[in-house]
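The values are calculated or read from the model by the stated rules, or taken from the named source; none is laboratory data. This is a predicted model, so every value here is computed, not measured. Neighbour counts run over all protein chains shown; Cβ positions are idealised from the backbone, glycine included. The accessibility values were calculated without ligands, DNA or RNA, using every heavy atom of the protein model including side chains. Shrake-Rupley method; radii C 1.70, N 1.55, O 1.52, S 1.80 Å.
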Amino acid sequence: MKHQEFDVVVVGGGMAGASAAAEIARTRRVVLLERESQPGYHSTGRSAALFSETYGNTIVRALSRASREFLYAPPDGFVEHALVRTRGSLHIARSDQLAKLNAFFALPDVAENARLVDANEAKRICPLLRDGYAAAAILEPDAADVDVHALHQGYLRQFRARGGVVVTDAGVTALQRTPAKWSVRTMAGEFGAPIVVNAAGAWADEIAELAGLGPLGITPNRRTALLVDAPAGVDVDSLPNTIDVEEQFYFKPDAGKLFLSPADETPSLPCDAQPDEMDVAIAIDRVQQAAAIDVRHVFRKWAGLRSFAPDRSPVIGYDERVKGFFWLAGQGGYGIQTAPAASLLASVLVNEGRVPDALAAFGIDEAQVSPNRFATRSYREAAAR
């Protein structure tokens with residue numbers, strides 16, 4: 001079995017791993033290990049991403065704001081066309097949900113141009129809404145669709161151009177730490193490096209277990225999606241992303257059809273996620289209650305895994321229990337829109353152990369994302385051994 005030496009081994013070729021590998025490869029020799037036959041097969045390849053500055057918790061929103069410039073004006077040569085297309089996002093609330101809508105709008109870091117709209121304006125913005133369903137809404141006019149494939153491929157091209165090596169069919173089977181480095185055994189050979197970046201998505205805790213560390217509680221959750229025909233005579237492409245304020249469902253245009261989701265979060269083992277028929281039915285029912293959509297046929301259905309840490313914030317940083325083990329996990333459903341900032345943060349933390357000034361300006365600090373925030377007595381005992 002061949003053995004190759006690098007400065008950094010990145011485990012996981014999805015958006016998190018590819019973007020971080022590209023940034024780290026500016027100054028280090030990096031290998032990117034992907035367990036599947038192509039990078040991005042799982043969560044990245046199944047994401048219908050929207051860039052929204054109102055989406056996620058405080059640290060997610062900060063990472064999103066810090067990613068805006070890259071997504072809207074990527075570096076020369078990164079892609080051949082725009083990465084984003086303005087869509088707008090409409091958070092709708094029934095009369096019994098108005099308190100939640102107002103509390104959401106009152107958050108100090110909600111998108112700067114977001115505004116409250118009444119029922120009539122919500123109906124004008126999204127004509128599919130049933131009369132009387134939405135009592136009010138929050139409009140984020142600058143929310144935008146993200147070309148996930150173009151973003152992911154851009155990072156992979158950038159990584160290779162900087163001398164990075166991508167190895168597919170390279171599921172990790174063993175991890176061992178010596179005084180000088182990590183030895184990473186895979187189905188495609190053995191790789192050595194002083195630093196391992198755990199960007200394995202739904203498999204992040206499994207990689208930590210192989211490294212002799214206890215899990216952090218990175219839990220994969222299944223998210224269901226489906227495409228259905230749009231109502232006849234409706235200019236579906238002009239519709240916003242429309243989401244229930246309690247995230248019970250959402251719908252948006254997608255290539256001339258309507259994309260629906262029940263916004264489910266069903267705990268799952270790491271796997272090739274498949275849609276559950278009950279979740280498909282729930283999505284249709286919830287959306288049809290809110291919108292004048294008569295679903296007769298499901299054109300396509302699929303599922304992906306969104307992995308969350310216990311506090312639903314990303315996990316980015318070195319694990320204090322062992323030298324050279326770096327976490328880049330728990331992105332939840334926000335990994336696409338935060339990739340530019342998260343990858344920059346990861347690369348500078350890997351190399352310099354600090355938050356770059358450009359990100360600190362957005363209120364991002366290491367404590368918010370450090371894996372060591374989950375420290376317990378048993379955690380510290382493990383670190384001392």
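Which ranges mark the strands (runs of 3 or more DSSP E) fully within region 1-41 that have 1 or more residues being within 24 Å of Phe308 (Cβ to Cβ)?
On the way: elements: 3-5, 8-11, 30-33.
In region 1-41, the matching strands (runs of 3 or more DSSP E) lie at 8-11, 30-33.
Have a look at Asp131, Asp109, Asp96 and point out the one that is outside any loop (DSSP other than H, G, I, E, B) and among the acidic types (Asp, Glu). Don't jump to the end; show me each part of the working.
Working: Asp131 fails: outside any loop (DSSP other than H, G, I, E, B); Asp109 fails: outside any loop (DSSP other than H, G, I, E, B).
Only one candidate passes the filter, namely Asp96.
Could you identify the single residue in Gly324, Gly332 that is modelled with pLDDT of 95 or more, closer than 21 Å to Ala208 by Cα, touching a strand residue (DSSP E or B) at 6+ places or on another chain (Cβ under 6 Å) and not hydroxyl-bearing (Ser, Thr, Tyr)? Give the steps one after another, and end with the answer.
On the way: Gly332 fails: modelled with pLDDT of 95 or more.
Unique residue meeting the criteria: Gly324.
Specify the residue that is most open to solvent (accessible area, probe 1.4 Å); the eligible residues are those in region 28-44 that are at pLDDT below 90 and in contact with a strand residue (DSSP E or B) (Cβ under 8 Å, 6 or more places away or on another chain). Walk me through it before giving the result.
Pass one, region 28-44, residues at pLDDT below 90: 37-44.
Those left that are additionally in contact with a strand residue (DSSP E or B) (Cβ under 8 Å, 6 or more places away or on another chain): 39, 42-43.
Details: Pro39: 26, His42: 31, Ser43: 52 Å².
So, considering only residues that are at pLDDT below 90 and in contact with a strand residue (DSSP E or B) (Cβ under 8 Å, 6 or more places away or on another chain), the one most open to solvent (accessible area, probe 1.4 Å) is Ser43.
In region 228-238, how many residues are surrounded by fewer than 19 Cβ atoms within 10 Å (Cβ to Cβ) and assigned to a strand (DSSP E or B)?
Residues flagged as surrounded by fewer than 19 Cβ atoms within 10 Å (Cβ to Cβ) and assigned to a strand (DSSP E or B) within region 228-238 amount to 1.
Just for region 111-135: of the residues that are among the aliphatic types (A, V, I, L, M) and over 17 Å from Arg286 (Cα atoms), which one is most open to solvent (accessible area, probe 1.4 Å)? Quick ask: steps written out before the conclusion?
Of the residues in region 111-135, the ones among the aliphatic types (A, V, I, L, M) are 111, 114, 116-117, 119, 122, 125, 128-129, 134-135.
Narrowing further to those that are over 17 Å from Arg286 (Cα atoms): 111, 114, 116-117, 119, 122, 125.
On the way: Ala111: 8, Ala114: 14, Leu116: 80, Val117: 8, Ala119: 38, Ala122: 0, Ile125: 30 Å².
Looking at the filtered set, the residue picked out is Leu116.
Check region 239-249 and report whether any residue there is in a strand (DSSP E or B), open to solvent by 30 Å² or more (accessible area, probe 1.4 Å) and closer than 26 Å to Arg87 by Cα. Write out each step before concluding.
Step one: filter region 239-249 for residues in a strand (DSSP E or B), giving 241-244.
Checking the rest, the ones that are also open to solvent by 30 Å² or more (accessible area, probe 1.4 Å) come to none.
Within region 239-249, not a single residue is in a strand (DSSP E or B), open to solvent by 30 Å² or more (accessible area, probe 1.4 Å) and closer than 26 Å to Arg87 by Cα.
Looking at (1) surrounded by 20 or more Cβ atoms within 10 Å (Cβ to Cβ); (2) in contact with a Phe, Trp or Tyr (Cβ under 7 Å, 6 or more places away or on another chain), which is the one condition that is false for Phe308?
Looking at each condition in turn, Phe308 falls short on (2).
Residues in region 53-71: is at least one open to solvent by less than 10 Å² (accessible area, probe 1.4 Å) and modelled with pLDDT under 90?
There is at least one residue in region 53-71 that is open to solvent by less than 10 Å² (accessible area, probe 1.4 Å) and modelled with pLDDT under 90.
Taking the criterion of being charged (D, E, K, R) and open to solvent by less than 50 Å² (accessible area, probe 1.4 Å), would at least one residue in region 91-108 satisfy it? Don't jump to the end; show me each part of the working.
Within region 91-108, the first condition is being charged (D, E, K, R), and the residues that meet it are 94, 96, 100.
Next, from what is left, pick out any that are open to solvent by less than 50 Å² (accessible area, probe 1.4 Å): none.
Checking region 91-108: not a single residue is charged (D, E, K, R) and open to solvent by less than 50 Å² (accessible area, probe 1.4 Å).
Would you confirm, using the coordinates I've provided, whether Asp205 is over 22 Å from Gly40 (Cβ atoms) and either in contact with a Pro (Cβ under 9 Å, 6 or more places away or on another chain) or among the charged types (D, E, K, R) (or both)?
On the way: over 22 Å from Gly40 (Cβ atoms): no; either in contact with a Pro (Cβ under 9 Å, 6 or more places away or on another chain) or among the charged types (D, E, K, R) (or both): yes.
Judged against the criteria, Asp205 is not a match.
Going residue by residue through region 80-87, is there one that turns out to be polar (S, T, N, Q) and more than 23 Å from the chain's Cα centre (by Cα)? Step through it out loud before you land on a result.
Within region 80-87, the first condition is being polar (S, T, N, Q), and the residues that meet it are 86.
Those still in the list that are more than 23 Å from the chain's Cα centre (by Cα) too: none.
The answer is no, given that none of the residues of region 80-87 is polar (S, T, N, Q) and more than 23 Å from the chain's Cα centre (by Cα).
Do any residues in region 227-242 that are touching a residue at least 12 places away in the same chain (Cβ under 8 Å) and under 16 Å from Arg286 (Cα atoms) have Cβ atoms under 6 Å from those of residues that are of a type outside the set (Asp, Glu) and assigned to a loop (DSSP other than H, G, I, E, B), where the two are at least six apart or on different chains, and which pairs are they?
Going by the 6 Å Cβ cut-off, the qualifying pairs are Val228/Val295; Asn241/Arg87; Thr242/Cys126.
Condition check: of a type outside the set (A, V, I, L, M), surrounded by 15 or more Cβ atoms within 10 Å (Cβ to Cβ), touching a residue at least 12 places away in the same chain (Cβ under 8 Å) and not in a loop (DSSP other than H, G, I, E, B). Does Arg300 satisfy that? Full working, then the answer.
Working: of a type outside the set (A, V, I, L, M): yes; surrounded by 15 or more Cβ atoms within 10 Å (Cβ to Cβ): no; touching a residue at least 12 places away in the same chain (Cβ under 8 Å): yes; not in a loop (DSSP other than H, G, I, E, B): yes.
Judged against the criteria, Arg300 is not a match.
Quick check on this structure: which one of Asp294, Asp279, Asp319 is open to solvent by less than 10 Å² (accessible area, probe 1.4 Å), of a type in the set (Asp, Glu) and either at positive phi or over 16 Å from the mean Cα position of the chain (by Cα) (or both)?
On the way: Asp294 fails: open to solvent by less than 10 Å² (accessible area, probe 1.4 Å); Asp279 fails: open to solvent by less than 10 Å² (accessible area, probe 1.4 Å).
Selected residue: Asp319, the only one of Asp294, Asp279, Asp319 that is open to solvent by less than 10 Å² (accessible area, probe 1.4 Å), of a type in the set (Asp, Glu) and either at positive phi or over 16 Å from the mean Cα position of the chain (by Cα) (or both).
Between a first residue in region 272-288 that is part of a helix (DSSP H, G or I) and a second residue that is open to solvent by 30 Å² or more (accessible area, probe 1.4 Å) and charged (D, E, K, R), which pairs have beta carbons less than 7 Å apart while being 6 or more apart in sequence or on different chains?
Val280/Lys301
Which one of the conditions (1) touching a strand residue (DSSP E or B) at 6+ places or on another chain (Cβ under 7 Å); (2) over 30 Å from Pro194 (Cβ atoms) does Cys271 fail to meet, given that it meets all the rest?
(1)
Any chance you could count how many residues in region 372-385 are at pLDDT 60 or above, of a type outside the set (Phe, Trp, Tyr) and assigned to a helix (DSSP H, G or I)?
Residues in region 372-385 being at pLDDT 60 or above, of a type outside the set (Phe, Trp, Tyr) and assigned to a helix (DSSP H, G or I): 2 in total.
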